[in-house]
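Structure record follows, encoded as structure tokens.
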Amino acid sequence: MILPFKVYGTSMRPGVLMMCKICVVLLIAHGFFGSITDSFIPFISSLDNLNQYPNLLEYFIKALFILGSTSLILNYKVRASAILIACSIFLGILASKPIFRNHLFIIGCVFFLSGLTSKEDTPWLLFFQLGLVYFGALLNKMTQIEWWTGQFMHNWLSVALENPVYNSWYESTSSLMLAKLMSYSAMLAELLIGFCLFVPKFRLYAITMILVFHTILFSFTGETFGYFMEDILIILIAFREWPEQPIQIDYRMSNFNNGLVNLIKLLDFDRRFTFNKRFKAVGRGLSATNDFKFLHGKSLIVHTLLSTSGFYILILCLEMGIRYLFNDFLKYIFLLGLFWILLLLLSPIFFDYLKKVRQKKLAVNHEFE
């Protein structure tokens, strides 16, 4: 019954498989399956010849998607399944120009590259793809004079979005200085993110910059650019190192700790965590073994939650529920709260991890002195 939510024991890394499963859910929820048709204004004109066999191409692409999605969700031949899903996305796009979206093509590439990444390898292909996304966005802006003059940002914020904060500032100054500052800041952020993604020792900084950049951008504009922002954040799941060995957590008896343990048990579909009650104080109340033995307090809690597939399912349900249940203003308010909570929750993790790595290096160097 819980097999669809498990991510261990396959030919994929747990984080990569979790990312792929969430992407399957999003594709279905956002109507990709229903948008698949026979050739209609295709990118490859010869595909029009298949229209003499009505529904043949449509059923073929849908069959690829159903087969790949079902087997991936059920953890069967997950790498081959990811490639089947990618093929269904690429064929769907090639057969019909109207369904093309940047984020859909990005997700297709994510599935394809995930299928090429083995369990033993670092998902460097995904790092490479995401780096190209940011360098491509930067190159696109650099070739448009409107981005250098600030006119694009001004038209977007003032006319398209009617942003009250920006319009108030512009009416009082009649200057494009703020628009220029935001344009240059966006280009600089994309340059730094792209560069850091290509340099292994800076990738954790890139993840933090991505979280900060998109959260601030959404806060000011209220735009997720279709589902581009969600796609980028979902890809970050693949970058996380999940614990290789089961973790035992010792915890001091308290109402908060008891509730936290029950939550983790509920979200831990792979049963990677076991819990041992202690009636005497243990550090700050929580301590762990194996991969998490250097973590304590908030860092331990966050790392533990991020190593359970149920946590990502919970966040996905919250985000989709907000999108479908509330109007534009309430949707913005609730998404804003969700994104900032995630930013504040996740960002310290990467700095804590870097601190731990530095401490280990110092300890090793000290041993050889």
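The values are calculated or read from the model by the stated rules, or taken from the named source; none is laboratory data. As the structure is a prediction and not an experimental result, all values here were calculated from the model. Cβ atoms come from the backbone with ideal geometry, glycine included; neighbour counts cover every protein chain shown. Just the protein is used for accessible areas: all its heavy atoms, side chains included, with ligands, DNA and RNA removed. Shrake-Rupley method; radii C 1.70, N 1.55, O 1.52, S 1.80 Å.
Points worth noting:
- Pairwise FRET efficiency - Leu132 versus Ser168, Cβ, R0 = 35 Å, nearest 0.05: 0.40
- Dipole moment magnitude, nearest 20 debye, the chain about Cα centre, only Lys, Arg, Asp, Glu C-beta charged: 1460 debye
- Sites Gln248 and Met142, calculated FRET efficiency, Cβ-Cβ separation with R0 45 Å, nearest 0.05: 0.30
- Choice from Cys20, Cys317, Cys87 with maximal GNM fluctuation in the chain (Cα, 10 Å cutoff): Cys317
- Stretched out straight at 0.36 nm per residue, the stretch from Tyr76 to Ile341 would grow longer than its current Cα-Cα span by 91.9 nm.
- Anisotropy class of segment 1-157 from Cα gyration tensor, a/c 1.5 cut: oblate
- For the chain, the mean residue ellipticity at 222 nm estimated from helices alone is -21000 deg cm²/dmol, where every DSSP H run of n ≥ 4 contributes -39500 (n - 2.57) and the total is divided by all residues, rounded to the nearest 500.
- Kyte-Doolittle mean at least -1.0 and Cα axial length at least 20 Å: DSSP H helices in the chain: 14-29, 56-73, 78-95, 102-116, 124-142, 177-198, 203-221, 309-325, 328-368
- Using alpha carbons only: equivalent-ellipsoid semi-axes of segment 1-56, gyration tensor based, whole Å: 35, 13, 11
- Net charge, Leu3 excluded, C-beta distance under 13 Å - Lys, Arg +1, Asp, Glu -1: +2
- Here the spin labels are modelled as points 7 Å beyond Cα on the Cα-Cβ line, and at Ile216 and Ile28 they lie 3.8 nm apart.
- Amide H contacts under 5 Å for Ile249, placed H, 5+ residues apart: Thr274, Phe275, Asn276
- Mean accessible surface per residue for the chain, computed with a 1.4 Å probe while every protein chain stays in place, in Å²: 52 Å²
- Linear extension gain, Leu67 paired with Glu241, 0.36 nm per residue minus alpha-carbon span: 59.8 nm
- Dipole of the chain, positive direction: furthest Cα of Gly115, Ala189, Ala63, with charges on the beta-carbon: Gly115
- With the biggest extent put first, the Cα atoms of segment 79-186 measure 58, 33, 25 Å across the principal axes.
- Rounded to 5, the percent of DSSP beta bridges in the chain classed as antiparallel: 30 percent
- Dipole of the chain, positive end: most advanced residue of Trp148, Leu130, Gly15 [Cβ charges, Cα centre]: Gly15
- Heavy-atom accessible area for His296, with the other protein chains in place and a 1.4 Å probe, reaches approximately 90 Å².
- Projecting the Cα atoms of Ile99, Leu346, Leu295 onto the charge dipole of the chain (Cβ charges, centred on the Cα centre) puts Leu295 farthest toward the positive pole.
- Beta bridge orientation in segment 164-296: antiparallel %, DSSP, nearest 5: 35 percent
- Net charge over other residues, Cβ less than 15 angstrom from the Cβ of Asp48 (K, R count +1; D, E count -1): -1
- Packing-based order for 64-70, 137-143, using average beta carbon neighbours within 10 Å, highest first: 64-70, 137-143
- With all protein chains in place and a 1.4 Å probe, the accessible surface of the chain carries 66 percent carbon and sulfur.
- Formal net charge of residues neighbouring Gly222 (Cβ-Cβ distance under 10 Å; K, R +1; D, E -1): -1
- A P(r) calculated from all alpha carbon pairs of the chain, with 20 Å bins opening at zero, reads 24, 54, 21, 1 percent.
- Highest-MSF residue in the chain out of Pro243, Pro164, Pro42 [GNM, Cα springs under 10 Å]: Pro164
- The chain: most fluctuating residue of Gly150, Gly92, Gly131 per GNM, C-alpha cutoff 10 Å: Gly150
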